[in-house]
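Below is one structure; the comments refer to it alone.
Where a number appears in this text, it was derived from the coordinates with a stated rule and is not lab data. Here the structure is a predicted model, which is why all the values come from computation and not from measurement. Note that each Cβ is placed from the backbone with ideal geometry, even for glycine, and that neighbours are counted across all protein chains shown.
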Amino acid sequence: MKGDISMSINELSRLEIIIKVVEKKTKQSEAADILAISLSQVKRLVKRYRVKGATGLISRKRGGLGNHNLPKGLKELATGLIEDNYSDFGPALAHEKLQEIHNLKISVSTVRGLMIEKELWSSRRLKKKRVFQYRERRSRKGEMMQMDGSPHAWFEERAAKCSLIYTVDDATSDIMAARFEPTETMWGYFELMKNHIKTHGRPIALYTDKHGVFKINHKNAVSGEGVTQFGRAMKSLDIKLIYANTPQAKGRIERMNQTLQDRLVKELRLQKISTPEEANAFLPNFIKDFNSRFAVVPKDPHNAHRELLPEHDLDRIFIIKENRTLTKNLIFQHNNTLYQVQTNRETYVLRKARVVIHEFKDGSIEAFYKEKKLLLKTYAEQQKQMRDVDSKQLNVLLDKHIKTSDKMKKYKPSNRHPWKRRAKSASEMMAV
């Protein structure tokens, strides 16, 4: 036999044993035990060696497709679907859509390989991370909720940026409540917690960052009661507020922010949703599917959420409550507006009295003295002055101002306006 042939180490060892069998130096049964194959396989190898020589012992699969390779047509179909519809998806999410929408039964690793081959995905190198102390999950659902907001271009170029605010159960990683808001505001978090409590009950504790909605961050604050309106609402519901010192401390919800910014953005695109109102209507279905994929089973099956008590009127809790002192004329100021109390009683009873102001989301207010509602009349509205703006609301307010400025057009006089009339010359005036 002329020419060179390449053989693996196993094939060379097999060749040596088969030669001994052919030369009657080793029995076929002994060769089967040495090679750990059946007697029938030994007989086939001996037959191939006598016909083709050493070439007959080379694996016939060499140079062919592996058992796990996709058929060419299926590979082209999957690659085309990924390029056309899921080019910016992650491999896991693209695999789910190929399976659910297109009924393609291929593995995640295969999808990842196809995306790497087409340069749609690159393997990420592990970064050196700071080591933080590990904290075990709470044992029961409802013991502690993590709450956060994630400002992001959720609708990509179809709409302006907004924030997704939501609560996550620490024991199970279930998303409990969520809603889209223009930015992280007190009223948005009020509505979120109201929905959470109506659906699941009162959790024992809330784990948040030190956003101004949750915590007063001015060290030398001299006014107020030392808590925010949100903190006052949680205290009245017997829900403990716990503040995280670092983002890593509430890493469960921070990591979920990244997952949602990938998955939810794509889902909104596939559903052709372009407004926060449509997205809020879609969120319950998304949350149900998301929780079924990623939630874990708690150590203790008992739910720690508590029912509302009769004195818990959510519509009266999730509002702004502030104290004011009446003047001798029974006047107080709120939001740059003066209000006067109207009463048939002797006015000296209410002079210098402390009243509680209830402000609702629409800006309307009510005043109470010893839990009795007072009749109010707007006395004077003062000019609004500058006010402090939270950094997370700054861009929203600035965008509104820019849009308003763009709509303002310079005054253009009509063609018949005196400014546009040509002055008559002296000859024209004499002709007249």
Once phi is turned into θ = phi - 60°, what whole-Hz ³J(HN,Hα) does the Karplus curve with 6.51, -1.76 and 1.60 give for every residue of region 21-34, x standing for Gly and Pro?
5, 4, 7, 6, 8, 9, 6, 5, 5, 5, 5, 5, 5, 5
Give the peptides 156-163, 139-146 in descending order of average Cβ contacts within 10 Å, highest first.
139-146, 156-163
Output the peptides 359-367, 193-201, 342-350 sorted from most to least packed, where packing is the average of other Cβ atoms within 10 Å over each peptide's residues.
193-201, 359-367, 342-350
Pull up the cross-link candidates among the aspartates and glutamates for K198, meaning alpha carbon to alpha carbon under 13 Å and not fewer than 8 places away within one chain.
E307, D313, D315
Distance violations [Cα-Cα > 21 Å] among K235/K377; K250/K272; K210/K250; K97/K272; K161/K215; K250/K288
K235/K377; K250/K272; K161/K215; K250/K288
Give the order of E307, E267, E11 when sorted by the count of other beta carbons within 10 angstrom, beginning with the fewest.
E307, E11, E267
Extension length gain for R135 and D84 (0.36 nm per residue less Cα distance), in nm, is 14.1 nm
Tell me the net charge near Q342. Cut-off is 14 Å between Cβ atoms, Q342 excluded, with +1 for each Lys or Arg and -1 for each Asp or Glu.
+2
Stretched fully, the stretch from E311 through K72 gains (0.36 nm per residue minus C-alpha distance, one decimal, in nm) 79.3 nm
Pseudo-spin-label distance T325 to A36, built 7 Å along Cα→Cβ, given in nm, is 9.1 nm
In sequence order, what are the phi-derived ³J(HN,Hα) couplings for region 253-258 according to the Karplus relation 6.51 cos²θ - 1.76 cosθ + 1.60 with θ = phi - 60°, rounded to whole Hz, with x for glycine and proline?
7, 5, 5, 5, 4, 5
For L12 and N291 in the same chain, what is the full-extension length gain: residue separation times 0.36 nm, less their Cα-Cα distance, in nm?
95.0 nm
